[in-house]
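First up is the structure itself, then whatever we jot down about it.
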Amino acid sequence: MSTKLHIVSAVQLREGCWHRDGRAVTEWRQNESLAAWLSDQYRQLNMAYPKFFKMDSLCKLATLAVEVLVGDETPVNPQQTGILVFNRTSSIVSDCAHQELISDSVNPLPSPAVFVYTLPNIMLGEIAIRYRLSGENLCVISDVARPEEIFMHAELMAASGMTELILGWVDVIDQQARAWMLRVKKHDGETNNSQLSTQLIKDIDNIPTWTHSLKS
Amino acid sequence: MPKGVVVTGMGVVTCLGFGVEENLLALKSGRHGIAPPELLRTFHHEMPLGEVRADRGELISRSGPTHPPFWSRTALIALIAAREALQMAQITPNHLTGLMNGTTVGGMDRTEDFYPGFMENERHGHMREVFNHDCGGTSEQLAEELGVRGFLASINTACSSSVNTIMLAARMIRAGRIKNAIAGGADGLSRFTLNGFNSLMILDKELCRPFDQSRKGLNLGEGAAYVVLETEEDALKSGKRILARVSGYANTNDAHHQTASSPDGTGARMAMEEALKEGGLRPADIDHINAHGTATPNNDETEAAAIRTVFASSPPVTSTKSFTGHTLGAAGAVESVFSILSIGERMMFPTLRLENPLSEHPLTYVTSPENRTVNHVLSNSFGFGGNCSSIIFSRP
C-alpha cells in the first residue's frame with residue numbers, strides 16, 4: 001500500500017518576513033530585537049490570541065509559522081492531524097533564561113512561566129492548543145535536516161492513521177530565527193499539488209537562517 | 001503484511017539498583033529507593049530524590065567509556081543500561097540497525113559543574129565537559145561507544161520521550177525500514193530540573209503517594225532503560241528467548257495546557273484507545289496497567305478519569321514511580337522494562353503508600369505484590385506539551 005503525501009501549502013521565513021507558497025504575506029519592519037519583531041509579525045497577521053504573549057520566542061515563532069500556514073482553514077480532522085517539528089537548537093532560549101534565574105547567587109528564583117518552555121516539544125503543545133489538534137506529535141532534534149529522515153517520519157505518521165500533517169523546522173537562538181512549515185495531506189487520487197519528496201524537503205530547507213538586525 | 005516486533009533484551013538502572021535483577025528484587029520486596037539528596041549538590045535538602053546510588057567515579061568504573069571526561073551522568077547510566085540490554089539480546093552492536101534515545105536534560109549535570117568556575121575565570125575547566133551538553137550529543141556518544149552504525153535518533157518529548165523511542169523503533173521495524181534497534185532513554189538528575197519542577201510547585205517534600213487522596217506531588221528520580229527490538233521472525237529463527245511482543249502503541253496530543261492535563265484526560269484516553277486499536281485488542285484483554293501515575297494532583301486524577309472512560313472494568317493499576325520517583329525522559333523505558341517483567345514474572349508490582357485512593361474515578365489498584373498471569377500490559381507515559389503515549393506489551 002502506498003499513500004501519497006501532497007503539499008497543500010508551504011511557509012518560509014525569509015529575511016524577516018513570512019512567505020506562503022512563494023508570496024510574502026508580511027513585511028519586514030525595523031524592530032529593536034527578535035522579541036519585538038515577533039510581536040510585530042503577530043500584529044501584521046491580525047491574530048487575536050493573547051496566549052501568544054506568554055510564550056517564549058521559540059513557541060512564538062512556531063505559532064506564527066503555523067498561523068501563516070493554516071490561517072482560517074483549520075484541519076477538518078483534528079484527531080488525525082499530526083504535528084512533526086524538527087529543530088536543532090532545542091529550547092536554548094528558555095534554557096538560558098531559566099539558568100540565569102537559578103544561578104542568581106543572592107536570590108535564586110526559578111519562574112514556572114519560564115521553566116515550562118525549557119522543552120522544545122512545548123512548541124507542539126502550543127500548536128496543538130491553538131488549533132485544537134490532538135493527533136500524533138513528534139519533535140525531532142537534529143543538527144541538520146536530513147530529507148530522507150524527515151520524509152520517513154512523515155510517512156510513518158501517515159501510515160499510522162494521520163490524514164494531515166503540520167510538518168516543519170523551527171529554531172531560535174540569540175537573535176537568529178529559522179522556520180519553514182509544510183501542510184501535507186494524505187491523498188490517494190490525482191491532484192495538482194506537488195508530492196512530498198526528499199527533493200522538495202531539500203529545496204525548502206535551503207533558505208538561510210535569518211538573523212535579526214536593525215537593518216534589513 | 002507488517003512484521004511482528006518483539007523484545008529480546010532489556011537493561012535498566014534506577015535508584016533501585018543496577019540491572020534488571022536488582023530492580024526486580026526491589027519491586028518484588030516492595031523496597032523503594034527514594035531518599036534525601038546525597039549526590040546532587042543542591043540546597044533543596046528537603047526534597048526526596050530517587051538517586052542512582054553511585055557517584056561519577058563509580059559510574060565510570062562500572063561502564064568504562066573510552067573517554068570518561070566527555071561523559072555526563074545521563075550518558076554513563078545510559079551506557080550501563082544499554083550494555084545490559086545488548087548482552088541479554090545476544091546481539092553484537094555492529095548488527096544493530098538503529099539506536100533511538102530519549103532524554104530531556106542530556107549532559108546538564110556536567111554543564112552545571114563546569115560553569116560556575118568558568119564564569120569566574122575563562123581558563124577554568126575544559127570544554128570537553130560541556131561538549132555533549134545537548135540531548136543529541138548524549139545519543140551520539142552512546143552510539144559511538146557501543147559501535148552502533150545504523151539509524152540514530154534523539155527524542156525529547158519530556159516525560160514521554162523514551163516510550164516514543166520504543167514506538168519509533170517498533171514502527172520502523174514493522175515497516176521493514178530497519179531490522180532491529182535498541183531504544184529507550186536516560187536522564188541524570190540536575191539542579192536545572194529540580195529547581196524547575198520546584199517552581200511549578202508539583203514536588204512533594206514527603207515520599208510521593210500516587211493515586212492517594214493525600215498526594216501532593218512527585219519525587220524526581222533518575223534512571224536509564226533500553227530494550228532491544230527485532231522482528232519476531234528473526235528472533236524465532238535465532239532461537240532467542242522472546243521477552244514480550246510489542247503489540248500496540250499510540251501517541252496523541254491533549255491540546256489543553258503546556259504542563260497540565262485536561263480535566264477528563266482527553267489525550268490520555270485517546271492514546272490508550274488508539275494503542276488498543278493498533279494492537280487489535282479490546283479493553284477487556286488488558287490484564288494490568290502501569291500508569292504514568294506521577295502523584296501530582298492533576299496527573300493522577302485526569303489519568304484515572306481517562307482509564308475509567310476506556311475501561312468499563314478497571315484492570316489492576318500500578319504506579320512504579322512510588323519506587324523510583326519520576327525519572328522523566330527515562331520513565332517510559334523504565335516502566336516498559338517493569339511492564340515486561342510483570343509478564344515474565346507473572347507478577348504485578350504495587351503502588352506504595354496508597355492508603356486512600358482518589359474517590360472520584362474509582363480504579364482497582366495493586367497495593368502489594370500480586371502473583372497473577374499478565375498477558376497484556378498497557379503502560380502510559382505523558383509529557384509536558386500535552387504529549388501522551390501508551391504502549392502495550394504482550395506475552396510472546
Exercise. Can you give the relative contact order of segment A:4-211 as a percent, counting alpha carbon pairs under 8 Å and 6+ residues apart?
Worked result: 32
Exercise. For B:MET47, A:MET162, what ranking results if the residue with the fewest other Cβ atoms within 10 Å of its Cβ goes first?
Worked result: B:MET47, A:MET162
Exercise. Of B:SER63, B:SER247, B:SER336, which is the most mobile in a GNM of chain B whose springs link Cα atoms less than 10 angstrom apart?
Worked result: B:SER63
For this session: Select from A:ASP21, A:ASP104, A:ASP171 the residue whose mean-square fluctuation is largest in a Gaussian network model of chain A (Cα-Cα springs shorter than 10 Å).
Result: A:ASP104
Exercise. Could you name the lysines in cross-link range of A:LYS4, using Cα to Cα under 19 Å and dropping any fewer than eight places away on the same chain?
Worked result: A:LYS185, A:LYS186, A:LYS202
Exercise. So how far, in whole Å, is the C-alpha centre of segment B:229-266 from the one of segment B:328-396?
Worked result: 13
Seminar exercise, completed: Classified through the alpha carbon gyration tensor (a ≥ b ≥ c as square roots of its eigenvalues; rounded if a/c is under 1.5, else prolate when a/b is larger than b/c, else oblate), chain B comes out oblate
Exercise. For B:PHE192, B:PHE382, B:PHE349, what's the fewest-to-most ordering of other Cβ within 10 Å of each Cβ?
Worked result: B:PHE192, B:PHE349, B:PHE382
Exercise. Considering amide H positions built from the backbone, and no H for Pro or chain starts, which residues 5 or more places from B:GLY102, or on another chain, come under 5 Å of its amide H?
Worked result: B:ILE155, B:GLY184, B:GLY185, B:ALA186
Problem set entry | Over segment B:207-361, equivalent-ellipsoid semi-axes from the Cα gyration tensor in Å | 27, 18, 15
Exercise. In what order do A:CYS96, B:CYS388 fall by count of nearby beta-carbon atoms within 10 Å, going from fewest to most?
Worked result: A:CYS96, B:CYS388
Exercise. Among B:THR104, B:HIS124, B:GLY185, whose Cα lies farthest out toward the positive end of the dipole of chain B, if unit charges sit on the beta carbon of Lys, Arg (+1) and Asp, Glu (-1)?
Worked result: B:GLY185
For this session: Kindly flag which residue pairs out of B:LYS3/B:LYS240; A:LYS51/B:LYS205; B:LYS28/B:LYS321; A:LYS54/B:LYS205 have an alpha-carbon separation exceeding 25 Å in this structure.
Result: A:LYS51/B:LYS205; A:LYS54/B:LYS205
For this session: Report, for segment A:4-211, the % of DSSP beta bridges that are antiparallel, rounded to 5.
Result: 70
Exercise. Rounded if a/c is under 1.5, else prolate if a/b is larger than b/c, else oblate: which is segment B:5-237, with a ≥ b ≥ c the root eigenvalues of its Cα gyration tensor?
Worked result: oblate
Problem set entry | Stretch gain in nm, segment A:ARG14-A:SER194, where the contour uses 0.36 nm per residue and the Cα spacing is subtracted | 62.7 nm
Problem set entry | Of B:PHE338, B:LEU194, B:GLN258, farthest towards positive along the dipole that unit charges on Lys, Arg, Asp, Glu beta carbons give the protein assembly as shown | B:PHE338
Exercise. If you plug each phi of segment A:28-35 into the Karplus form 6.51 cos²θ - 1.76 cosθ + 1.60 with θ = phi - 60°, what whole-Hz ³J(HN,Hα) values come out, in order, with x for Gly and Pro?
Worked result: 7, 10, 5, 9, 5, 7, 4, 4
Seminar exercise, completed: The size of the Cβ-based charge dipole (Lys, Arg +1; Asp, Glu -1) of the protein assembly as shown about the Cα centre, to the nearest 20 debye, is 920
For this session: Calculate the spin-label point distance for B:ASP264 paired with B:HIS95, positioning each point 7 Å from the Cα along the beta-carbon direction, and give it in nanometres.
Result: 5.0
For this session: Pull out a ≥ b ≥ c, the square roots of the eigenvalues of the alpha-carbon gyration tensor of the protein assembly as shown, then state rounded if a/c is under 1.5, prolate if not and a/b is larger than b/c, and oblate in the remaining case.
Result: rounded
Seminar exercise, completed: Note, segment A:173-186: 3J(HN,Hα) by Karplus (6.51, -1.76, 1.60, θ = phi - 60°), whole Hz, Gly/Pro = x, goes 8, 6, 9, 9, 9, 8, 7, 9, 8, 10, 9, 10, 10, 7
Problem set entry | Net dipole in debye of segment A:115-197 [+1 Lys, Arg Cβ; -1 Asp, Glu Cβ; about Cα centre; nearest 20] | 280
Problem set entry | DSSP beta bridges in chain B [antiparallel fraction, %, rounded to 5] | 65
Seminar exercise, completed: Sorted by chain and then number, the residues having a modelled amide H within less than 5 Å of the amide H of A:LYS4, at least 5 places away or on another chain, are A:HIS187
For this session: Could you list which residues have their amide H under 5 Å from that of B:GLY385, counting only those 5 or more apart in sequence or on another chain, with H placed in the peptide plane?
Result: B:THR259
Seminar exercise, completed: Among B:LEU328, B:HIS292, B:PHE349, the residue whose Cα sits farthest towards the positive end of the charge dipole of segment B:249-394 (+1 at Cβ of Lys and Arg, -1 at Cβ of Asp and Glu, taken about the Cα centre) is B:PHE349
Exercise. Restricting to segment B:249-394, what percent of DSSP beta bridges are antiparallel, rounded to 5?
Worked result: 70
Problem set entry | Relative contact order of chain B, defined on C-alpha pairs under 8 angstrom at six or more residues apart (%) | 23
Exercise. Given the Cα-Cα distance of B:TYR115 and B:ARG149 and 0.36 nm per residue of separation, how much length would full extension add, in nm?
Worked result: 9.0 nm
Problem set entry | Estimated inter-spin distance, B:THR66 and A:ALA145, nm [label 7 Å along Cα→Cβ] | 3.2
Exercise. Each residue of segment B:284-292 in order: what ³J(HN,Hα) in whole Hz does its phi give by Karplus 6.51 cos²θ - 1.76 cosθ + 1.60, θ = phi - 60°, with x for Gly and Pro?
Worked result: 5, 6, 7, 8, 7, 10, 9, 6, 5
Seminar exercise, completed: Summing -39500 (n - 2.57) over every DSSP H run of at least 4 in the protein assembly as shown, dividing by its residue total and rounding to the nearest 500, the 222 nm mean residue ellipticity is -10000 deg cm²/dmol
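Just so you know, all these numbers are worked out from the coordinates, no wet-lab data involved. Model, not experiment: these values are computed from the prediction. Every residue, glycine among them, receives a Cβ derived from its backbone with ideal geometry; neighbour counts consider all protein chains shown.
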